[in-house]
Amino acid sequence: MHTLNAVCSGINEIMKYNTLLYYCYSPIADAEQFASEHLNFCKSLGLVGRIIVAEEGLNGTVSGTTEACKAYMEHVHADERFAKTDFKIDEVDEPSFIKMHCRYKSEIVHSGLRDKTIIDPNKKTGKHLEPKEFAEMIDQDDVVVVDVRSNYEHNLGKFKNAITFDIDNFRDFPEQINALAQYKDKKIMTYCTGGIKCEKASALLLHHGFKDVYQLHGGIIKYGKEAGGKDFEGKCYVFDNRIAVDVNSVNPKVISACYTCGTTTPKMINCANPECNEHITQCDECGDKLQGCCSEQCTTHPRKRPYDGTGYYVKVPQPVTNKLN
């Protein structure tokens, strides 16, 4: 038995894993069928992750062995529709998801627009800035840096002096355009986690008359890899079981505070009450005290999930109640 355990331990040490973050705006005529077939392909490689498929393209994060991820990237690039897909690759100690999901939706990023035809990233979008170009422009007097992510994301980390919005989802961003009207004569540089939201945000800004609009190509994740994350303060929220990742290796700074006591902390969790599931920053002391919940009230919820210190939970389907007519 001891020998078997040693062998298994050795295998785990040798095996390496990757997590891939990517998107591609490219028309998919058979999007719903493609989603079903793509799910089966991912499972055949042993991948786990979350992919959204729509007529406008792909948006995904997948994780698995280095070999499986390499095979996946080759498969995607072999399809001429997705040949230009830019994969952000992270080396991880273990897969970043538990299950594999590939779902069809109307958009790969929900814009909140009734008329979705007014923006098409394949036709018109902001000028792409490579990470080093973004770093060179960020301190210029005629530049305004705009974070197009949700509040819980930028509360954890953001570029210095960036304009942020109190929004829960990207679909709320279009309502914030008027707040940027005073900067129409400036260079607007947008950024997000991997670049996908900026494709639509910058296109929308151009639609509303902004003339000089840019976007960080590859987002915060690529910026951390290629520009050392300079001037990004805090951590970057990611949509997998890592929850947050380090970005800045040049001049790091923690900017987030514990939701409960206000102590400076870089740690973010999901509330252990599944019906709340609030994204909050919480120090370890308050996490232990409140069992991973955002409030005393949530600690008493009958479906409260056991807190293991990570604050990440696999989604559990809500119980179905049969109603008699």
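The values are calculated or read from the model by the stated rules, or taken from the named source; none is laboratory data. Quantities reported herein were computed from a predicted structural model and do not represent experimental measurements. Glycine gets a Cβ as well: all are built from the backbone with ideal geometry, and neighbour counts include every protein chain shown. To get the accessible areas, we keep the full protein, side chains included, count just its heavy atoms, and leave off ligands, DNA and RNA. Shrake-Rupley method; radii C 1.70, N 1.55, O 1.52, S 1.80 Å.
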## Note on the structure
Everything considered on the Cα gyration tensor (a ≥ b ≥ c; rounded for a/c under 1.5, else prolate if a/b is larger than b/c, else oblate), the stretch 32-144 must be described as oblate
### Message
Using 21 Å as the Cα-Cα cut-off, could you pick out the over-long pairs in K160/K230; K116/K187; K84/K230; K116/K197; K84/K222; K16/K99?
### Response
K116/K187; K84/K230
## Note on the structure
Distance in nm between E67 and H208 label points, each 7 Å along Cα→Cβ, equals 5.0
## Note on the structure
If one builds a Gaussian network model of the chain from Cα atoms under 10 Å apart, the most fluctuating residue listed among D115, D246, D308 is D115
### Message
As a test of the formula, what do you get for the chain when each DSSP H run with n ≥ 4 contributes -39,500 (n - 2.57) and the sum is divided by the residue count, at 222 nm and rounded to the nearest 500 deg cm²/dmol?
### Response
-7500 deg cm²/dmol
### Task
Over the Cα atoms of the stretch 166-325, compute the convex hull volume and normalise it per residue, giving Å³.
173
### Task
Note down the net charge around A35, summing +1 for each Lys or Arg and -1 for each Asp or Glu among other residues with Cβ under 10 Å from its Cβ.
-1
### Task
Counting only DSSP beta bridges with both residues in the stretch 77-234, tell me the antiparallel percent, nearest 5.
20
### Task
Kindly provide the Kirkwood hydrodynamic radius of the stretch 222-280 in Å, to one decimal, from all pairs of distinct alpha carbon atoms.
12.6
### Query
To the nearest 20 debye, what is the magnitude of the charge dipole of the stretch 68-137 about its Cα centre, counting +1 on the Cβ of each Lys and Arg and -1 on the Cβ of each Asp and Glu?
520
### Message
If you take every residue apart from K235 with its C-beta less than 12 Å away from the C-beta of K235, what net charge results, scoring Lys and Arg +1 and Asp and Glu -1?
### Response
+1
### Residue order for V314, V250, V48 - accessible surface, 1.4 angstrom probe, largest first
V250, V314, V48
### Task
Could you work out the local net charge near V76, counting Lys and Arg as +1, Asp and Glu as -1, over the other residues with Cβ closer than 14 Å to its Cβ?
-1
### Query
Rounded if a/c is under 1.5, else prolate if a/b is larger than b/c, else oblate: which is the stretch 124-247, with a ≥ b ≥ c the root eigenvalues of its Cα gyration tensor?
oblate
### Task
At 1.4 Å probe size, with no ligands or nucleic acids counted, give the accessible surface of E136 in Å², nearest ten.
140
### Query
For the chain, what proportion of DSSP beta bridges, expressed in % and rounded to the nearest 5, is antiparallel?
65
